[in-house]
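The values are calculated or read from the model by the stated rules, or taken from the named source; none is laboratory data. Values in this document were obtained by computation on a predicted structure and should not be read as measured data. Glycine gets a Cβ as well: all are built from the backbone with ideal geometry, and neighbour counts include every protein chain shown. Just so you know, the surface numbers come from the protein's heavy atoms only, side chains and all, with ligands and any DNA or RNA stripped out. Shrake-Rupley method; radii C 1.70, N 1.55, O 1.52, S 1.80 Å.
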Amino acid sequence: MQRFLIVTADGVERNVEVYNNLDFPYKDFRFIKSLSVRNKTVANVVCTFDIETTTIDRRSTGGKVEGFMYHWQFCINGVVVFGRTWDEFLLFMSELEKSMLFSPKKHLVVYVHNLSFEFQFLYRFFEWESVFAKDKRQVLKAVTSNGIEFRCSYYLTNKSLAKFCEQSKSCVFRKLDGEIFDYSKIRTPITPMSVYELGYCYCDVRGLWEALLDLLERDNLLTIPMTSTGYVRRDCRNAMKKNKDNRKMFLKTALPKEVYELLEEEKRGGNTHANRAIVGIILHNVLSLDYASSYPYQMMTQYFPMSSFTPLANVSRETFYSMIESKCCLFRAIFKNIRIKNNVPVPYIAHSKCRHYTKNDIVFNGRVLESPAVEITLNEIDFDIIQKQYTWDAFAVSDFWFCERGELPQDLKEQIVDYYIKKTNLKGVDAYLYIKSKNELNAIFGMACTDPVHDVITIDDGEWNVTKSDVQSELDKYYKSRNSFLPIQWGNWVTAHARKWLQEMLDISNDCTAYTDTDSDKMQSIDIHKFDKLVKKAIELDEKNGAYAVRDGKRYYMGIPDFDGEYLEFKTWGAKKYAYIEKDKEGIPRLHITVAGVHKSKGAKTLIRQARIEAKRRGIKRCPDTNHIALELFESGFTWKGAENGGGTESHWNDDPIHYITVKGCKIKTAGNVGVLDSSYTLGLTEEFLENMNFGIDISIEV
């Protein structure tokens with residue numbers, strides 16, 4: 001056993017003890033009690049596991065990029081064990097098995113934050129009873145043949161380890177600074193570790209263990225969900241079980257395979273896009289509006305499919321328009337010579353959602369501006385937006401299905417508003433409980449959009465195999481389960497209603513819109529009279545449906561568009577590519593960026609550093625507006641190099657058998673692995689983007 005001091009994230013020095021596989025007090029864990037339910041038993045003890053790895057790049061000598069483990073850490077009931085090799089870890093687990101007597105009938109649960117990564121390194125060293133994965137290399141749970149049940153705490157929390165520990169009420173050993181640790185340093189199992197490095201390893205498992213204890217205050221290892229949406233699903237399921245009619249409704253809305261496939265084609269998230277008239281232009285005094293709890297608001301106030309879908313053949317024009325006015329409809333539409341109307345800042349049709357299109361389509365940033373013929377699967381809400389934005393010579397529909405509209409069950413709506421009330425009342429009062437309630441509210445959308453049809457994913461001798469499931473069999477299984485309660489189709493209408501609600505805001509701001517993303521609109525100005533009418537409409541719906549919380553005599557409504565900031569300057573190059581300057585709490589202007597693939601804070605700092613260099617090059621000795629120069633540099637071709645500058649990393653996955661490598665004179669036993677290298681991100685624009693950025697835009701518009 002070794003003892004050393006750790007300066008934890010709160011700046012306090014703390015003495016800690018660490019064991020190795022030889023001096024660990026195995027006897028202290030002989031009489032751990034068990035938890036049992038139905039046919040499953042687990043040891044009632046919380047364990048966590050983590051590894052540290054190094055990457056070597058041998059491509060210059062004919063090799064490859066590969067990673068290897070040089071340090072592991074394990075925590076059981078707050079007791080931490082260190083080791084340097086896989087053989088030491090296997091010996092430790094073997095001795096722990098003899099002491100605790102875990103087995104295929106009594107599992108030892110071990111949480112790993114981002115299990116997919118660790119699994120790639122360890123899977124060759126165990127025999128596996130089962131592996132439960134969302135997709136290739138996306139492991140939620142893996143059980144060894146001798147009863148070790150590895151679970152992923154990242155999927156459980158949907159947070160980084162640092163954020164999970166930070167938001168835990170009783171976590172002392174929070175994750176330490178990874179930049180100080182320096183992942184780029186080449187270490188082997190014989191490399192001496194500094195006190196800080198040892199403390200870093202210690203906090204990774206001890207901190208995760210402490211944070212998990214908070215979650216287990218209302219659960220145990222058998223009842224805790226596998227994913228973050230599981231908490232909400234459980235609460236909503238219990239709410240729905242209060243009324244037997246909800247089960248009847250659920251079975252009545254059961255889907256045939258044909259409708260499920262149409263839903264998959266129509267399924268779409270938020271509307272994210274930039275006004276192509278202003279891309280690349282630095283705008284001043286841009287307002288940012290945000291809808292409060294947009295998805296829960298839709299579930300509380302809008303209509304949804306509430307009966308079985310019925311097919312309708314040979315749909316006439318009159319029947320079609322009658323149906324979309326009064327029913328929930330799902331269909332495929334073919335548009336001939338479709339084209340965007342003038343001055344539509346955010347085109348609606350996503351090219352990626354089109355089933356068929358032509359090589360002559362005119363597309364801007366993924367959105368259809370013009371096409372000789374395009375086919376897309378829609379519901380009535382999609383079609384309503386499209387007919388307001390586009391014109392066409394002719395259109396036809398096929399595979400038309402419809403069902404009755406209705407409100408969501410009152411039991412479910414009461415549960416949703418309960419989350420919202422808790423969140424509202426806890427804001428600024430209890431940070432820990434506020435975060436929990438906020439996560440529950442945000443997870444409602446994830447719950448509503450969960451797909452019950454899963455591919456069968458297996459790993460056989462290092463090879464990942466994906467077998468397509470029979471859709472109808474999976475659907476039948478879903479509807480037969482007493483745990484199922486949520487009609488799949490509701491998720492599609494939640495996002496469609498949210499897109500329409502956002503579109504109502506876009507129709508008001510119109511060509512003053514600069515950028516929009518799901519539930520926000522960034523604009524230069526807005527018609528206050530029309531805006532007030534929109535707010536009044538939302539409040540009326542909230543009042544009618546009880547979609548609000550009361551705190552200190554004031555009502556806080558869902559779905560209300562609120563002003564949440566004003567940007568001094570703003571610039572965008574399309575979806576998930578924008579930068580802006582905003583005053584912080586002290587009134588100091590700060591640069592912020594959002595670029596998919598670039599770390600926000602590190603990426604902004606890189607732009608600022610380059611802006612200072614550019615100021616010097618221009619001969620500006622004092623630069624009062626470095627932020628503005630940074631926005632000028634935010635152009636196609638700007639590159640963020642390396643993870644430390646915001647450029648991110650790239651992973652190289654290797655499915656190697658157990659073998660040995662030699663690094664710095666150290667012979668290392670390794671197997672499957674992930675090599676992680678710094679990568680770069682260059683802001684780029686396609687020729688198609690540049691050619692079509694002003695298509696259908698009246699050049700007289702002021703920008």
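Here are a few things to note about the model shown:
- Candidate set from region 17-39 (those that are touching a helix residue (DSSP H, G or I) at 6+ places or on another chain (Cβ under 8 Å) and basic (Lys, Arg)); member that is modelled with the highest pLDDT: 27
- Residue within region 344-360 that is among the β-branched types (Val, Ile, Thr) and farther than 23 Å from residue 507 by Cβ present: yes
- Region 154-173, residues that are out of contact with any helix residue (DSSP H, G or I) (no Cβ under 6 Å at 6 or more places or on another chain) and open to solvent by less than 10 Å² (accessible area, probe 1.4 Å): 156
- Exclusive hit being within 25 Å of residue 446 (Cβ to Cβ), touching a strand residue (DSSP E or B) at 6+ places or on another chain (Cβ under 6 Å) and open to solvent by 40 Å² or more (accessible area, probe 1.4 Å), set 478, 556: 556
- Scanning region 281-304 for residues that are on the phi > 0 side of the Ramachandran plot and touching a strand residue (DSSP E or B) at 6+ places or on another chain (Cβ under 7 Å) yields a count of 1.
- Qualifying residue in region 514-531 (condition: farther than 15 Å from residue 290 by Cα, in contact with a helix residue (DSSP H, G or I) (Cβ under 8 Å, 6 or more places away or on another chain), touching a residue at least 60 places away in the same chain (Cβ under 8 Å) and not in a loop (DSSP other than H, G, I, E, B)): no
- Once region 569-583 is narrowed to residues that are of a type in the set (D, E, K, R) and part of a strand (DSSP E or B), the residue that is nearest to residue 270 (Cα to Cα) is 577.
- Strands (runs of 3 or more DSSP E) within region 1-104 that include 3 or more residues within 30 Å of residue 653 (Cβ to Cβ), open to solvent by less than 10 Å² (accessible area, probe 1.4 Å) and of a type outside the set (Lys, Arg): 47-57, 65-76, 79-83
- Residue that is least open to solvent (accessible area, probe 1.4 Å), among those in region 326-359 that are of a type in the set (Ser, Thr, Tyr) and part of a loop (DSSP other than H, G, I, E, B): 348
- Search result, residues across region 601-621 that are in contact (Cβ under 8 Å) with a residue 12 or more places away in the chain and open to solvent by 80 Å² or more (accessible area, probe 1.4 Å): 605, 612
- Failed condition for residue 484, given (1) farther than 30 Å from residue 386 by Cβ; (2) of a type in the set (S, T, N, Q); (3) crowded, with 21+ Cβ neighbours inside 10 Å: (3)
- Selection status of residue 542, among the charged types (D, E, K, R), touching a strand residue (DSSP E or B) at 6+ places or on another chain (Cβ under 8 Å) and in a helix (DSSP H, G or I): yes
- Selection within region 418-434 - surrounded by 14 or more Cβ atoms within 10 Å (Cβ to Cβ) and either under 14 Å from residue 240 (Cα atoms) or among the acidic types (Asp, Glu) (or both): 418
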